[in-house]
1. Among (1) touching a residue at least 60 places away in the same chain (Cβ under 8 Å); (2) farther than 20 Å from Gln5 by Cβ; (3) open to solvent by 30 Å² or more (accessible area, probe 1.4 Å), where does Pro64 come up short?
2. Do the conditions hold for Asp2, that is, is it open to solvent by 60 Å² or more (accessible area, probe 1.4 Å), touching a Gly at 6+ places or on another chain (Cβ under 9 Å), over 16 Å from Gln103 (Cβ atoms) and touching a residue at least 12 places away in the same chain (Cβ under 8 Å)?
3. Kindly indicate whether Phe94 is part of a loop (DSSP other than H, G, I, E, B), closer than 15 Å to Leu116 by Cα and either open to solvent by less than 80 Å² (accessible area, probe 1.4 Å) or of a type in the set (Asp, Glu) (or both).
4. Could you check segment 5-18 and list, in sequence order, the residues that are without any contact (Cβ under 8 Å) to a residue 60 or more places away in the chain and either touching a Phe, Trp or Tyr at 6+ places or on another chain (Cβ under 8 Å) or open to solvent by 60 Å² or more (accessible area, probe 1.4 Å) (or both)?
5. In segment 68-89, how many are open to solvent by 60 Å² or more (accessible area, probe 1.4 Å) and not small (Gly, Ala, Ser)?
6. Restricting attention to segment 25-48, which residues are surrounded by 13 or more Cβ atoms within 10 Å (Cβ to Cβ), in a loop (DSSP other than H, G, I, E, B) and at pLDDT 95 or above?
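The values are calculated or read from the model by the stated rules, or taken from the named source; none is laboratory data. Quantities reported herein were computed from a predicted structural model and do not represent experimental measurements. FYI the Cβ positions are ideal-geometry reconstructions off the backbone, even for glycines, and counts take in every protein chain you see. The protein model used for the area step is the full one, side chains on, heavy atoms only, and it has no ligands, DNA or RNA in it. Shrake-Rupley method; radii C 1.70, N 1.55, O 1.52, S 1.80 Å.
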Amino acid sequence: IDAVQLESALLNLAINARDAMPQGGQLRLSTANLPEDAPERPEDLPAGDYVRVKVSDTGTGIAPEILERIFDPFFTTKPPGQGTGLGLSMVHGFVHQSGGQIQIDTTPGVGTCISLYLPRAPEDDARTS
């Protein structure tokens, strides 16, 4: 995957989490390797090994009536001048362009967890910086 796009996606998710916690809260970033036989893999994830990148917060959560629109380009719940509505659509596009999937678990008043499932590079292709 493109490292710059991953960085941008994580930054967008962290900013959205921050904005969802105006009184403060917890932001968690975690990663996990998910081999093809991992029990916690989504059922509709194509065969292969994946890396799960999870961004979760203890913020306001996402209301059910807007959940289906959050990846629409230019859709935003932020006041004018405070968001373009392109952040989550960019994250969604990046994940799918990379051959992965995105999953959202949210509860209004409790928080949101967004999981990015990205194809894992074979170990012999992995690069270190």
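1. Condition (1) is where Pro64 drops out.
2. Numbers: open to solvent by 60 Å² or more (accessible area, probe 1.4 Å): yes; touching a Gly at 6+ places or on another chain (Cβ under 9 Å): no; over 16 Å from Gln103 (Cβ atoms): yes; touching a residue at least 12 places away in the same chain (Cβ under 8 Å): yes.
So Asp2 fails the test.
3. No: the conditions fail for Phe94.
4. Of everything in segment 5-18, those that are without any contact (Cβ under 8 Å) to a residue 60 or more places away in the chain and either touching a Phe, Trp or Tyr at 6+ places or on another chain (Cβ under 8 Å) or open to solvent by 60 Å² or more (accessible area, probe 1.4 Å) (or both) turn out to be Glu7, Leu11, Arg18.
5. Total satisfying the criteria: 11.
6. Correct list: Gly25 only.
So that you can scan it fast, the table gives a plain yes or no per residue for (1) touching a Ser or Thr at 6+ places or on another chain (Cβ under 6 Å); (2) part of a strand (DSSP E or B); (3) among the polar types (S, T, N, Q); (4) without any contact (Cβ under 8 Å) to a residue 60 or more places away in the chain:
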| residue | (1), (2), (3), (4) |
| --- | --- |
| Val53 | yes, yes, no, no |
| Thr60 | no, no, yes, yes |
| Gln103 | yes, yes, yes, no |
| Thr106 | yes, yes, yes, yes |
